[in-house]
Amino acid sequence: MTLAAAPASAVLPESAQQAVGYPSLFLLVLIGALVPVVPTGALVSSAAVVAFHRTAPFSLALVFVTASLAAFLGDATLYWLGRRGTRSKNGSRWLAAIRSRAPEERLEQARGKLAGHGVAVLVLSRLVPAGRIPVMLACLLAEWPLRRFARGNLPACLAWAVTYQVIGILGGSLFPEPWQGVVAAVALTVVVSAAPGVVRRFR
């Protein structure tokens, strides 16, 4: 009885962690898509590290599905709110928030690339740090309907989730303890996010 009960008791804490962890990841990534101050890439990488060290099957797949779905729904909601602002005479606080996070120079670059390459720019914008909001605003100013934006944004969110999950898996595979992998993944995410800004300053 004791030996048979031991595995079940060992699995229970992990199941409880998953029951809390995936909804929390979904909520935080969703909020991060709406309010672009939450480091969602670091969250996904950290979750991937923890999933990498878990014995439960499909943990990494669940992280991928949770993160990509939350990012997609958050982007679609923010775009819909922005569309309402463009149609209103007085705009909206959501449209104003999007504009405040899209410097004029970055916006003009995004509009030019969007006009030349279309959906491909939208896909790449989620992989470039600080690239999502200027391209989203360019789509709003080009009056893309929500359906067209969503079609381009779906592969963008999938590629984004895969990229940061790979960073987490790399961090998790280098260290025996999950917390060590989380630290490494977060540090790598910060470096990747800060690199374009550093390059622009030197230029």
Pair Ala115, Ile31: separation of 7 Å Cα→Cβ label points (nm): 3.9
Which value in Å is the Kirkwood Rh of the stretch 68-164 over different Cα pairs? 13.2
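Values in this text are rule-based calculations from the coordinates and carry no lab data. Just so it is clear, the structure is predicted and the values come from calculations on it, not from any experiment. Note that we place each Cβ from the backbone using ideal geometry, even for glycine, and neighbour counts take in every protein chain shown.
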